[in-house]
Every structure is written in structure tokens, then in C-alpha cells.
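Taking it in order: structure first as C-alpha cells, then the write-up.
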Amino acid sequence: MTSLSGLESLKDVISRHGLDARKALGQHFLLDPDITNRIAALAGTLDGRHVVEVGPGPGGLTRALLGTKAASVTAVEVDPRAAEIIRELIAFYPDRLKLVEADALKQDLTTLCPAPRHIVANLPYNVATPLLVGWLRQGSAWERLTLMFQLEVVERICALPGSSHYGRLGVLAQWCAQCAIVMKLPPGAFSPPPAVWSAVVSITPHAQQPEPALFKAMERVTAAAFGQRRKMLRGSLKGLHGERLLAETGIDGTRRAETLTIAEFDSLARAHLALSARG
């Protein structure tokens, strides 16, 4: 494994490439190696694993991942300025580091490397949530996801029923995976500092994953239920034949979405799928 000690400092690299963080790309760079090394460690054992990193920026977390025993690291970067920095880093790790210049929202990351696969990333804030939902649809393809979001988003991912953060994202995530907050970071940890705290969430997909049709059914049910979260379920689910769904699942129609457990949402999604199949 090549030593990281001979590499140029991240600050010097950023200065040389004129890599100013751009708000339009949701960029906030992590430059402290102690933090990036800790994030890499929080991903668990990466020995022999293939890691995909989205939005590597100047490559701070990329360097930390290369310092592990990961079999390979694939960096997906849409910003050509940052891509050039990663391309320079490939010269030090030609056998383990690969660059894919693409928009991660439009790229099937499972095609970039073989299993077992991990995603480890400080995600661009502006596309973080749709990226996660897309990866949850492919839960069986990923061994673990270790992801940095705004703290508020992580709290939504891990929220329990009845809490103020509980909503559609938390239901989808916890239905498909075990989710836990493993690290919190203040704005000053980033360059430039964002306006809010950030956090790292560990997402480990369950061994059994929903079929695509059931996942779509869950998306429809949660969108309807939480889209009008002040309404009782008999009202918010009306467009999905809510009375029949509630009758078949035995769920009280006077309840609201935030009171339902993951298991109850699973029952509603399965009932909706069965109802749709019957026509």
C-alpha cells in the first residue's frame, strides 16, 4: 500500500487548482485528515471491499479511503476541476483508484465495481436525499453506506415514530436498512463552513430487500401519508383507496402518518401492491 506521506497538502492542491467550493454544487470540503480518517474507520472493515465515493472534491476522504485495505476506490465527480485533482491522485494509486466523471444522480453506481460494495461519501448537500433514495432501491447491491448529510437529514433518516423528524425518508431508510448516527460535525469542520451542523450515518441494508414493485408501492403510500401529514390516514390515503387499505391492514383511519411503525407502513405497502394487482 502506497504511503500518503509524500502527497501535496490539500490546501496547496486547492490553491494550485483554484478549487473554490461552489454553492450550486453543494460543496463543503473536509480537509482535516483526522476527520476523514475517522469517517473511513466508521465505514467498518473495508478489507477487500470495493468503495464508491461520490463528490470527492479535493480528495481528502479519498486519501483516507486509500489508506485502508479497500480493494479499490471509485471516485464519482461531476466538477471537472475536482476531477483533475483526483486524476493526479491516480498517479499514486493506479491499481486501486478510478475516476468516473459523471453526475451520480444519472449513474448506476453498481456498475462501477464488483461486490462486495460500499459507498462512503461526504455528499453534496443539494442532491443528497434523492441519491440516498436511489441507493435504497438497490439495497441488495450494497454491503454498507457511510454517508455525510446535514444533521437535520440524518435525524430524519434515523427518526422514530412519533418524533418531529419522523417522515417518509426515515420510513424508507429503516424499512430497507439498519440506520445509526455515528458522528456529528460542527460547521467549522468544513471549508467553507455550512450554515448548519452535519452528521455521518451508517446504513447497513437488511439481508432481505423489497422487490422493486413493493418499493414503488411503499414510495406511493409514504408520499400520500406524509404529503398531508396533518390529515388522518383515511383522508391522506384517499387517493390510494385508503378505506380498503386500512380495512385490510386493520389500521385505524383516524391515526396520522407519524404514529405508524415501519411494520405498519410495510403492511400498507403490501396491501396497496396487492390491490393494484387485482385492479
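The values are calculated or read from the model by the stated rules, or taken from the named source; none is laboratory data. None of the values given here were measured: they were computed from a predicted structure. As a convention, Cβ positions derive from the backbone with ideal geometry for all residues, glycine included, and neighbour counts pool all protein chains shown. Quick note on the areas: whole protein, heavy atoms, side chains included, nothing else; ligands and nucleic acids left out. Shrake-Rupley method; radii C 1.70, N 1.55, O 1.52, S 1.80 Å.
Observations on the structure shown:
- Solvent exposure of the chain as accessible area per residue, Å², 1.4 Å probe: 45 Å²
- Fluctuation leader among 223, 247, 70 - the chain, Gaussian network, Cα springs under 10 angstrom: 247
- Cα-Cα P(r), region 1-85, percent of pairs per 10 Å interval: 17, 51, 29, 3
- Accessible heavy-atom area order of 50, 206, 118, highest first, probe of 1.4 Å: 206, 50, 118
- 222 nm mean residue ellipticity, helices alone, for the chain (DSSP H n ≥ 4; -39,500 (n - 2.57); rounded to 500): -11000 deg cm²/dmol
- The Cβ shell under 13 Å around residue 195 holds other residues with a net charge of 0, Lys and Arg each +1, Asp and Glu each -1.
- Space enclosed by the convex hull of the alpha-carbon atoms of region 10-205, per residue, Å³: 106 Å³
- Extending 7 Å from Cα along the Cβ direction at residue 71 and again at residue 252 yields two label points whose distance is 5.2 nm.
- Counted residue by residue at 0.36 nm each, then reduced by the alpha carbon distance between them, the extension gain from residue 47 to residue 133 reaches 28.3 nm.
- Alpha-carbon centroids, region 224-279 and region 62-93: separation in whole Å: 45 Å
- The share of accessible area on region 212-277 that comes from carbon and sulfur is 52 percent, using a 1.4 angstrom probe.
- Those aspartates and glutamates that a straight Cα-Cα span of less than 19 Å connects to residue 238, excepting residues fewer than 8 apart in one chain: 219, 248, 252, 258, 264, 266
- With all protein chains in place and a 1.4 Å probe, the accessible surface of region 1-152 carries 52 percent carbon and sulfur.
- Full-stretch length increase - residue 92, residue 238 - with 0.36 nm per residue and alpha-carbon distance subtracted: 46.7 nm
- Region 100-184: C-alpha pair distances exceeding 22 Å, %: 23 percent
- Projected label distance in nm at residue 278 and residue 213, using a 7 Å step from Cα toward the beta-carbon: 1.5 nm
- Taking only the Cα atoms of region 141-279, the radius of gyration and Dmax are 16.7, 55 Å.
- Using Cβ point charges alone (K and R +1, D and E -1), the dipole size of the chain about the Cα centre works out to roughly 840 debye.
- Beta-bridge orientation, the chain: approximately 45 percent antiparallel, per DSSP, counting only bridges with both partners inside.
- Database remark: amide H of residue 76 closer than 5 angstrom to the amide H of 53, 54, 55, 100 (H placed geometrically; neighbours at sequence offset of 5 or more, or on other chains; Pro and chain starts carry no H).
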